[in-house]
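Everything below concerns the one structure shown next.
The values are calculated or read from the model by the stated rules, or taken from the named source; none is laboratory data. Owing to the predicted nature of the structure, the values given are computational and were not obtained by experimental measurement. Here the Cβ is made from the backbone with ideal geometry for all residues, glycine too, and neighbour counts use every protein chain on show. Each accessible area value is taken on the protein alone, full model and side chains, heavy atoms only, with ligands, DNA and RNA left out. Shrake-Rupley method; radii C 1.70, N 1.55, O 1.52, S 1.80 Å.
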Amino acid sequence: MHSQFFSSPTIVNLSMPTRLCLSLPESVSDFVLSEALRSPLLEWVMLEGEDKASLGQFILRLQPFLTKQLLPLESVRKGGVSRTAGQGFRLYCEVGTSTSSCIAALRQGICVDFWPGQTFLCLLQTSRFELLPLEQDLRLSQEAREIILAKAALAEPQDYQASSEKLALQLNEVTRARIRLEAYQQALGTELPEGLLNEVWHLLTGLAQKRQWLLRCYNQSPERPSYRLSANQDIAEEKLRRMLECYEQLSSPELNVMVRQLTDEE
């Protein structure tokens, strides 16, 4: 469940009270975060077995754009979500909280305190988010995979310095997402609710616009080394012209005059 949102799981060993700090790089756009906040940001599960539980071994899964840091915690054991072996929780945005306020809080960082043991406690120190036990998590994503792929293709940031190879890859992903979403729309047709039908229509429009932009950039990138040149400009000719300009700047004015006279006589 939710495996499409998380990166590969990691094993975390805790033998003392620890604070987990989550942060994200500045390069992550708000648009990507607005889509990601619909899904759980973190999943934490305690491994089964008395020996492993006594050592404090846990499975941690995060959304790919998040980075973690484990810090020692000097605090007394407090109340919070209580979990035992085989149990865990997920981290969500609070219901009814605006997306912009959640993004602002996420950029400042999220802290979760842990007290390991046979029964470990976890306490969230950041507002606008909440910890849900796995057995009480009713926020299961019911979106079709075609819609998820379309949103992922649209969430890919635009790189204005991308190479031709990267542009071709993005163009292929957008095209495939659009074809699958169109097939999904045609297969279900009138069975889709009105709200979901409008969302599919907006996604198809966005995919068509992004495909058009990527296609224009791709057609220009392999043929035009610089936007100040025409698309059919000979690259070798442009390189020779730039070399000639460098020679003219490095040589003396008298030599430049002699070269011009010789070329005019020809």
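Odds and ends about this structure:
- Residue within the range 67-75 that is open to solvent by less than 10 Å² (accessible area, probe 1.4 Å), under 22 Å from L134 (Cβ atoms) and at pLDDT 85 or above present: no
- Qualifying residue in the range 167-177 (condition: outside any helix (DSSP H, G or I) and either in contact (Cβ under 8 Å) with a residue 60 or more places away in the chain or over 20 Å from F31 (Cα atoms) (or both)): no
One line per residue, one yes/no per condition, for (1) more than 26 Å from R216 (Cβ to Cβ); (2) open to solvent by 50 Å² or more (accessible area, probe 1.4 Å); (3) out of contact with any strand residue (DSSP E or B) (no Cβ under 8 Å at 6 or more places or on another chain):
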site: L131; (1), (2), (3): yes, no, no
site: A155; (1), (2), (3): no, no, yes
site: T175; (1), (2), (3): no, no, yes
site: L188; (1), (2), (3): yes, yes, yes
site: W201; (1), (2), (3): no, yes, yes
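- Number of positions in the range 86-117 that are out of contact with any Ser or Thr (no Cβ under 7 Å at 6 or more places or on another chain) and surrounded by fewer than 17 Cβ atoms within 10 Å (Cβ to Cβ): 12
- Long-range neighbours under 6 Å by Cβ, at least six apart or interchain, first residue under 30 Å from S27 (Cα atoms) and hydrophobic (A, V, I, L, M, F, W, C) within the range 60-83, second open to solvent by 60 Å² or more (accessible area, probe 1.4 Å) and in a strand (DSSP E or B): L71/R19; L73/R19
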